[in-house]
Amino acid sequence: MKHALEYRDGRLARQLAARIAAETTGDCAGYRFMEFCGGHTHAISRYGLEDLLPPPVRLIHGPGCPVCVLPVARIDTAIRLAERNGITLCTYGDLMRVPGSRGVSLLRAKAGGADVRMIYSALDAIAIARAEPQRQVVLFAIGFETTTPPTALAVRLAVERGLKNFTVFCNHVLTPAAIQNILESPDLREFGRVRLDGFIGPAHVSTVIGSEPYAFFAEEFAKPVVIAGFEPLDVLQAVLMLIRQVNEGRHEVENEYGRAVRLEGNEGAKRDVAEVFELRKTFEWRGLGQVPYSALRLKGRYGEFDAERRFALSDAPAREVPGCQCGAVLRGVKTPLECRLFGSVCTPETPMGSCMVSPEGACSAYWTYKRFRAMAARETAA
Amino acid sequence: MSRRAFPALDLRAGRVDLSHGAGGRAMAQLIGQLFHPAFDNEWLRRGNDQAAFDVDGGRMVMTTDGYVISPLFFPGGDIGSLAVHGTINDIAMAGASPRYLSASFILEEGFPLAQLERIVRSMGDAARAAGTAVVTGDTKVVERGKADGVFICTTGIGVVPRGIEISVERVRPGDQIILSGSLGDHGVAVMSRRHDLQFETDMVSDSAPLHELVRDIVAAGGPAVHAMRDPTRGGLAATLNEIAQQAGAGMRIREAAIPVKTAVAAACELLGLDPLYVANEGKLVAFVSKAAAAGVLGAMRSHPLGQDAAIIGEVVPDAQRFVQMTTDFGGERMVDWLAGEQLPRIC
């Protein structure tokens, strides 16, 4: 704990903020940085970091929130599955409240009689499958590279124990593919709706995949990347390192999170994932649409543990709540305040889109921590 | 009818069955051999379906609360002591001294009598220690699976001395917000014993009766004490937002001033929780006019249950009724209500 507190020291923060202010040249508007991860979005809002940054520095929230990027169609499929007789759907807590296309969430489905259980770890689902052999237990697996190794472990345990009633509804997605998609998007390239001058790179994801995968973007798109931890001083330090790269015309991958991230990442975790999963040709992301080679599914030899195969699942066309701007928010094109639903019909109690559900979602972070600013801004505009 | 009219309950290996709630011999046996000895007092001994008592001068305060906690036993307490402390504290927050309690039990078929005895004894001990008595009660048994071991409802009655008016509508801008001690001890102690979460911690629940601390606060602050509340479910964040709504004002608090034990901070870090939202069972927040705040703070710190008390912020004019916090880090953020349950992070 002492170790974590060292990264939240207000005195050091003010020193860093002063250095950031001194090194941002007033005439340069080139300090628009996207924090890819919802973990960073959350830290920025929770600690009020934007109050410490001078006006030329803008932070743009990226799509790195696993609950947020899951498209409505996948939620619908999970709900339809959970409503079948004999199925027990195990899910992480946040997912329960994400509305599907009929406005029904897993929480509502549960209240209506579906057997939906909230779990804290993939291994909880294995425990349920062992304890209740008469149920077909499905793990609703979501997340970036951080949560994939535990799912791989759960599958391997299911193999070892010969579990016939355990499957995975796999929605694991990949960070580098999403970053590339953003950098190649028309918003950036054709319409210039977003300008990005650099990335604050993922913290936990990078502990698994390492810093090496980002080298391509830094080089190909000439954007600096600084991998940063989720503590507030990490974020400030990363901003300073990005500013220096911009000022010096560099575009390199730098690692602020050296205490946890190595160049090659976690070889053991990567091996486990490679053993169990293979790339999907394409996968739909909320906000980004179809992104090639951006998600994982179980390999053929683990097919019996794949819920999509065992239960012949297919996604039906789905639609977002009309007016919901989650997609634009996830691409960094709009801020939550530019969505007309924000704070009127869409609140954490009655979320219309996924970005209001997860604490890592930009809308939830704005609502929970920054609403007072939002109200002030709207009053000024009106 | 003497207690000896029935054979002894098997308090070692016996279990609650449906007959214990059926109004017959088995129920009388349970009440006579388990509840009465634990709660023993002159009102129960009379054996009526109600308790009659005199109440001395002042206004009466009444409150009721249901306890459905899981697990039933946790470091620093159990559902029994909690059911006494929680209700006493709701009474005390009006500046009242608690007098009488009722206890209503909903038992699940199959619940071990040994555990029930442990809970009921703990409840009796807690009531006596706080100078109150459980004077009437009720027992129901539901089929297995229809409850989670034991649910307890307690109702409490207390008396506020004349001239004391502690109520949320008296909160106004300028009031100092005083917190009686560290946040999150109870929630973390309980979560550490949840079967799906188990983790190692030396935290014990702060569950405690606060009426004596309240007495000292009122003695020191008198009419300058405008309102008090105990931040239980939803934590300090929920309590401050409730009061901001009810009082029609905003709040500004300082993160650096809020006491949180290292073990609680560490557990919250691990689980992705925020101590501001974690439950407490032996803490209160007092809203006191500025002039009297230092005196009240001093009185709180001289009481064992308030030795870590701190002024954490103040009430401000704000039509939006927002609770805002200056972070340790120097930035500003809102402290919102909790949406749903606070959940561990998944990424």
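All of the numbers you see were taken from the coordinates with simple rules; none came from a lab. Treat the numbers as computed from the prediction; the structure is a model and nothing was measured. Cβ atoms come from the backbone with ideal geometry, glycine included; neighbour counts cover every protein chain shown.
Consider just the alpha-carbon atoms of the range A:109-246 and return their Rg together with their Dmax, both in angstrom.
My reading of the Cα-based Rg and Dmax gives 20.1, 60 Å.
Peptide B:317-329: average number of partner chain Cβ atoms within 10 Å per residue? Let's see the in-between values first.
Numbers: counts 0, 1, 1, 5, 0, 3, 1, 4, 3, 3, 11, 9, 19.
For this peptide, the per-residue mean of nearby foreign Cβ atoms is 5.
Need the list of aspartates and glutamates near A:Lys299 for cross-linking: C-alpha distance under 17 angstrom, and skip anything on the same chain fewer than eight residues off.
A:Glu145, A:Glu160, A:Asp272, A:Glu275, A:Glu278, A:Glu308
Compute the semi-axes of the equivalent ellipsoid of the protein assembly as shown, taking the square root of 5 times each eigenvalue of the Cα gyration tensor, and list them largest first in whole Å. Can you show the working numbers first?
On the way: eigenvalues 480, 240, 84 Å².
One finds semi-axes of 49, 35, 20 Å for the protein assembly as shown.
Within a 10 angstrom radius of the beta carbon, how do A:His61, A:His42 rank from fewest other beta carbons to most?
On the way: A:His61 30, A:His42 25.
Least crowded to most crowded, the residues run A:His42, A:His61.
What does the average come to when, for each residue of peptide A:44-51, you count the partner chain Cβ atoms lying within 10 Å of its Cβ? Numbers along the way, then the final one.
On the way: counts 2, 3, 7, 8, 12, 5, 3, 7.
Counting other chains' Cβ atoms within 10 Å and averaging over A:44-51 gives 6.
Between rounded, prolate and oblate, where does chain B land on the alpha carbon gyration tensor, with a ≥ b ≥ c its root eigenvalues, rounded for a/c under 1.5, else prolate if a/b exceeds b/c? Let's see the in-between values first.
On the way: a/c = 2.48, a/b = 1.51, b/c = 1.64.
The shape class here is oblate.
Within a 10 angstrom radius of each residue's Cβ in A:362-373, how many Cβ atoms of other chains show up on average? Whole number is fine.
Details: counts 0, 0, 2, 1, 1, 3, 8, 9, 4, 6, 9, 3.
Average neighbour count from other chains, rounded to a whole number: 4.
Per-residue ellipticity at 222 nm for chain A, helices alone: DSSP H runs ≥ 4 residues times -39500 (n - 2.57), over residue total, nearest 500 deg cm²/dmol? Walk me through the numbers before you get to the answer.
Values: 17 runs with 151 residues, N = 382.
Helix-only estimate at 222 nm: -11000 deg cm²/dmol.
Helix A:148-160: angle to the longest alpha-carbon principal axis of chain A, degrees 0 to 90, nearest 10?
Here the helix axis deviates by roughly 20 degrees.
Give the angle, between 0 and 90 degrees and rounded to the nearest 10, that separates the Cα long axis of helix A:362-381 from the longest principal axis of the Cα atoms of chain A.
40 degrees
Strictly over 28 Å apart at the Cα level, which of A:Lys223/A:Lys270; A:Lys110/B:Lys146; B:Lys140/B:Lys261; A:Lys164/A:Lys270; A:Lys110/A:Lys164 would you flag in this model?
Working: A:Lys223/A:Lys270 26 Å; A:Lys110/B:Lys146 18 Å; B:Lys140/B:Lys261 40 Å; A:Lys164/A:Lys270 26 Å; A:Lys110/A:Lys164 24 Å.
Over 28 Å apart, Cα to Cα: B:Lys140/B:Lys261.
Just want to confirm a number: the relative contact order over chain B, from Cα pairs under 8 angstrom separated by 6+ residues, in percent.
Contact order relative to length: 20 percent.
Angle between the Cα long axis of helix A:122-131 and the longest principal axis of chain A, 0 to 90 degrees, nearest 10?
20 degrees
Going by how many other beta carbons lie within 10 Å of each one, how would you line up B:His226, B:His36, fewest first? Working shown, then result.
Details: B:His226 24, B:His36 18.
Sorted ascending by nearby Cβ count, the order is B:His36, B:His226.
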